[in-house]
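In what follows, a structure is listed as structure tokens, so that the remarks can point back to it.
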Amino acid sequence: MNAIEIKNLHFSYGKENVLDGVSLCLKEGRLAILAGENGAGKTTLTLLLMRMVEPTEGKILLNGVDIREYDEREYRNLFSTVFQDYKLFSFTIQDNITALNDVNTLQMESAIDRSGIRKKISALDKGVNTYIDKLYDNDGVILSGGESQRLAIARALYKDAPIYVLDEPTAALDPRMENEIYMKFRDITEEKTTFYITHRLASTHFCDRIIVLKDGEIEEIGSHSELMRSGGYYAELYNMQAQYYMEN
């Protein structure tokens, strides 16, 4: 069981109030999208969720227990993450996927397939034993931004933790690959408690619960169709972005 409840959460950077009384509950096995414009508090909320920072006020409960009561290392091991500022290391592709842990070949191969990086790896002479960049091996590969991001997704899938936090995980992917990843997310995160953070609202259709943040507060909650019918802030943002794509 991995039910998460957020109660009256506040967070400030100095005098700047970033979150102001956020409360929500996400049951085990549910996928929630945190949507909103840049600066709305989406990433800050996930940092609080993972105990990377402490709240100014309020608390987060995991299965009814304040997360600060858990061992910090054990608690963070509950998460598979892809952040916007993910890092790859100058080791082999296999090492980057497995994070230098014992290799489960079947699990690694599954992560490679589901993240969409199989074609690139298959084209390399040394496959998963290819080094990233040329620091330790002159035959190392320099990955594109999209390829690097898919490898970061593969690492999260390989860990296969019970809770996923995906912060703009497809930002560097081309539209075709982005769409393929979106279509797979329901299967990828099946039976996982998942927080998916985005400001690109084209990615919200596959989720039945969208939590819309504005100025550090929850503005709306609902499915895409429900929020569009209500004609509120979400619909305004969605139509603005849709208009941009239609014009281009």
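Yes or no, residue by residue, for (1) in a helix (DSSP H, G or I); (2) aliphatic (A, V, I, L, M):
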| position | (1), (2) |
| --- | --- |
| 89 | no, no |
| 106 | yes, yes |
| 109 | yes, no |
| 113 | yes, no |
(request) Considering every residue within region 212-224, establish whether at least one is in contact with a strand residue (DSSP E or B) (Cβ under 9 Å, 6 or more places away or on another chain), surrounded by 14 or more Cβ atoms within 10 Å (Cβ to Cβ), part of a helix (DSSP H, G or I) and without any contact (Cβ under 8 Å) to a residue 12 or more places away in the chain. (result) no
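So that you can scan it fast, the table gives a plain yes or no per residue for (1) buried (at least 20 other Cβ atoms within 10 Å of the Cβ); (2) touching a Lys or Arg at 6+ places or on another chain (Cβ under 8 Å):
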residue: 96; (1), (2): yes, yes
residue: 107; (1), (2): no, no
residue: 113; (1), (2): no, no
residue: 132; (1), (2): yes, no
residue: 139; (1), (2): no, yes
residue: 159; (1), (2): no, no
residue: 165; (1), (2): yes, no
(message) Can you confirm whether residue 134 is basic (Lys, Arg), farther than 30 Å from residue 16 by Cα and touching a strand residue (DSSP E or B) at 6+ places or on another chain (Cβ under 8 Å)?
(response) no
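Would it be correct to say that residue 60 is modelled with pLDDT of 95 or more and either farther than 27 Å from residue 207 by Cα or among the β-branched types (Val, Ile, Thr) (or both)?
Values: modelled with pLDDT of 95 or more: yes; either farther than 27 Å from residue 207 by Cα or among the β-branched types (Val, Ile, Thr) (or both): yes.
Yes: the conditions hold for residue 60.
Just the residues that are buried (at least 19 other Cβ atoms within 10 Å of the Cβ) and part of a helix (DSSP H, G or I), please, taken from region 115-127.
Kept after step one, since they are buried (at least 19 other Cβ atoms within 10 Å of the Cβ), are these residues of region 115-127: 115-117, 121.
Those that are buried (at least 19 other Cβ atoms within 10 Å of the Cβ) and part of a helix (DSSP H, G or I): 115, 121.
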(request) Look at residue 202 and say whether it is at pLDDT below 90, part of a helix (DSSP H, G or I) and within 16 Å of the chain's Cα centre (by Cα). (result) yes
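Within region 26-62, can you find the residues that are part of a strand (DSSP E or B) and either touching a helix residue (DSSP H, G or I) at 6+ places or on another chain (Cβ under 9 Å) or open to solvent by 10 Å² or more (accessible area, probe 1.4 Å) (or both)? Break it down stepwise before answering.
If we filter region 26-62 for residues that are part of a strand (DSSP E or B), which is where we start, we get 26, 31-35, 57-62.
Within region 26-62, 31, 33, 34, 35, 57, 58, 59, 60, 61, 62 qualify.
Please work out which residue is most open to solvent (accessible area, probe 1.4 Å), limiting yourself to region 1-17 and to residues that are modelled with pLDDT of 90 or more and under 20 Å from the mean Cα position of the chain (by Cα).
Just the residues of region 1-17 that are modelled with pLDDT of 90 or more, to begin with: 4-12.
Filter again for under 20 Å from the mean Cα position of the chain (by Cα), leaving 4-6.
On the way: 4: 4, 5: 68, 6: 6 Å².
Among those that are modelled with pLDDT of 90 or more and under 20 Å from the mean Cα position of the chain (by Cα), it is 5.
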(request) Those residues that are of a type in the set (D, E, K, R) and within 21 Å of residue 100 (Cα to Cα), I need them from region 129-181; list them, please. (result) 133, 134, 137, 139, 147, 150, 155, 159, 160
(request) Examine region 73-89 for a residue that is under 24 Å from residue 149 (Cβ atoms) and among the β-branched types (Val, Ile, Thr), and state whether such a residue exists. (result) yes
(request) Six or more apart or on different chains, Cβ under 8 Å: which pairs go from a residue in region 158-169 that's among the basic types (Lys, Arg) to one that's open to solvent by 20 Å² or more (accessible area, probe 1.4 Å) and in a strand (DSSP E or B)? Could you list them? (result) none
(message) As an exercise: evaluate residue 84 against (1) out of contact with any Asp or Glu (no Cβ under 7 Å at 6 or more places or on another chain); (2) part of a loop (DSSP other than H, G, I, E, B) and give the number of the one condition it does not meet.
(response) (1)
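The values are calculated or read from the model by the stated rules, or taken from the named source; none is laboratory data. The structure displayed is predicted, hence computed values, not measured ones. Positions of Cβ are generated from backbone atoms using ideal geometry, with glycine treated the same way; all protein chains shown enter the neighbour counts. Note: accessible area is taken over every heavy atom of the protein model, side chains too, but ligands, DNA and RNA are not part of it. Shrake-Rupley method; radii C 1.70, N 1.55, O 1.52, S 1.80 Å.
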